[in-house]
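I have placed the structure first, in the form of structure tokens, so that the comments after it can refer back to it.
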Amino acid sequence: MKKGVFLVLSILLMLSCGNLRKQTADETAVAQPVGPAFCADSAYQYCQAQCNFGPRVMNSVAHDQCEQWIIAKFKSFGMEVMAQKADLKGYDGTILHSTNIIASYKPELSERVLLCAHWDSRPWADNDPDEANHKKPVMAANDGASGVAVMLEVARLLSADTLGIGVDFICFDAEDWGVPQWSDATDDGNSWALGAQYWSANLHRKGYKPRFGILLDMVGGQGALFYKEGMSLQYASNVVDKVWRAAQVVGFGSLFPTQTGGYITDDHIPVNTKAKIPTIDIIPYYPNCEQSSFGPTWHTVNDDMAHIDKNTLQAVGQTMIQVLYSE
Ligand code: AHN
Ligand code: ZN
């Protein structure tokens, strides 16, 4: 009898312990960082290398030289690279000789993720505090080079490691020929993201259908905070949740506030509406910046390497690694 009671108690204890352990495991089942370490020094150098060509303004020599450099770089990491050329018409009638650069990791796999960024520089620093700069080109270290730099570093890491899904890196051209503030033309939003608009209507592969897309826009600025972007929440809230959770897991939650920032017309809009790929925009939001909610250097002559922060590149880059290696 005594033995029987002990047995029952033991079983109850075991069950409760098992149960307890399981609950504890669930509650503390905090995801761990996965994948290789993102190297911000390397990404910084890729940013610098693009800037060394000068502003990569449409129809310029620097633009074409940088195009060849980006293509060669992705190829050196073993990616399959496609250059999608198109002559696009700017708001002012200028014919823009545009190239969307598409680099693919494991192109044979059907399960894929899309990373994208624009690579062209804005021809006019029309948001500069000094009006004398309004028609000068933007170096675009942040607004252009940073997104490509993060993608190149991710590509470098993939080439040295292995991942069970395919990844496409698309460098969109002609994003930043949007109606300048000094122009009389009306800005209906359509003058921006011309390369992304073209690609979304002319996919590089028939039936291309990645699981989701992530646009990297201005991901290297000092003091950048990546609030959730409003259009991304409307089109792909599950992707926003996934990315913001990943940022937290890799220790950069403080750079990814969970509140909503702005509602931005950017390359991800045609990718969502025309290509029907759920795609989010990682773009900074500065709630207290007088110059611009995109930050103090946005569309100014100060968008240069002196205002790039390796910590910002690290936060976004390691978050991308976390997202990809968690798929
Ligand atoms: C708007 O100004 C509404 N969108 C700007 C998108 C952009 C320009 N991203 C970088 N440069
Ligand atoms: Zn811009």
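Values in this text are rule-based calculations from the coordinates and carry no lab data. Predicted, not measured: the structure shown is a model, and the values here were computed from it. Don't worry about glycine lacking a Cβ; one is built from the backbone with ideal geometry, like all the others, and counts go over all protein chains shown.
Using DSSP to define loop residues, name the chymotrypsin sites (Phe, Trp or Tyr not before Pro) in region 112-207 whose beta-carbon has at most 15 other beta-carbon atoms within 10 Å. Working shown, then result.
Values: sites: W119, W124, F169, F172, W177, W182, W192, Y198, W199; in loops: W119, W124, W177, W182, W192.
Within region 112-207, the qualifying chymotrypsin sites (Phe, Trp or Tyr not before Pro) (loop, at most 15 other Cβ atoms within 10 Å) are W182.
Using the per-residue mean of other Cβ atoms lying within 10 Å as a proxy for protection, in what order, highest first, do the peptides 315-321, 96-102 fall? Don't jump to the answer; show the numbers that get you there.
Details: 315-321: 27.1, 96-102: 22.0.
The peptides rank, most packed first, as 315-321, 96-102.
Need the list of aspartates and glutamates near K242 for cross-linking: C-alpha distance under 19 angstrom, and skip anything on the same chain fewer than eight residues off.
Those aspartates and glutamates meeting the cut-off are D26, E27, E111, D168, D217, E229, D281, E327.
Pop out the Kirkwood hydrodynamic radius of region 268-309 from its pairwise C-alpha distances, inverse of mean 1/r, in Å to one decimal. Mind dumping the intermediate values first?
Values: mean 1/r = 0.0810 Å⁻¹.
Averaging 1/r across every pair of different Cα atoms and inverting gives 12.3 Å.
Which entries of K228/K276; K75/K276; K85/K135; K73/K276; K89/K135; K135/K228 show an alpha-carbon separation above 25 angstrom in the structure shown? Write out the running numbers ahead of the final one.
Working: K228/K276 20 Å; K75/K276 28 Å; K85/K135 27 Å; K73/K276 29 Å; K89/K135 20 Å; K135/K228 32 Å.
Check vs 25 Å cut-off fails for K75/K276; K85/K135; K73/K276; K135/K228.
State to the nearest 20 debye the size of the charge dipole of the chain about its Cα centre, where the only charges are +1 on K and R beta carbons and -1 on D and E beta carbons.
On the way: 25 positive and 36 negative charges, 404 e Å.
Magnitude of the dipole: close to 1940 debye.
Considering only DSSP beta bridges where both residues belong to the chain, give the percentage that are antiparallel (nearest 5). Intermediate results must be reported in sequence, preceding the final value.
Values: 16 of 31 bridges.
In the chain, approximately 50 percent of DSSP beta bridges are antiparallel ones.
Counting only complete DSSP H runs, which helices of the chain cover 20 Å or more along their long axis at the Cα atoms and score a mean Kyte-Doolittle of -0.5 or above?
Details: long enough: 2-27 (37 Å, 0.44); 61-76 (23 Å, -0.29); 146-160 (22 Å, 1.42); 230-249 (24 Å, 0.07); 310-325 (22 Å, 0.20).
Flagged H segments are 2-27, 61-76, 146-160, 230-249, 310-325.
Mean residue ellipticity at 222 nm from the helices of the chain, using -39,500 (n - 2.57) per DSSP H segment of n ≥ 4 over the full residue count, to the nearest 500 deg cm²/dmol?
Working: 8 runs with 119 residues, N = 327.
Calculated from helices alone, the mean residue ellipticity at 222 nm is -12000 deg cm²/dmol.
Can you give me the relative contact order of the chain as a percent, contacts being Cα pairs under 8 Å and 6 or more apart?
On the way: 667 pairs, mean separation 73.0, N = 327.
It comes to 22 percent, rounded to a whole number.
Treat region 101-149 as a sphere of radius equal to its Kirkwood radius over Cα pairs and apply Stokes-Einstein at 4 °C in a medium of 1.567 mPa s; give the translational diffusion coefficient in µm²/s, rounded to a whole number.
Details: Rh = 13.1 Å.
The calculation lands on 99 µm²/s.
Report the dimensions of the chain along its three principal axes from the alpha-carbon atoms, largest first, rounded to Å.
Rounded to whole Å, the extents work out to 95, 45, 35 Å.
Post the alpha-carbon centroid distance, region 219-288 to region 159-182, in whole angstrom.
Region 219-288 and region 159-182 have Cα centres separated by 15 Å.
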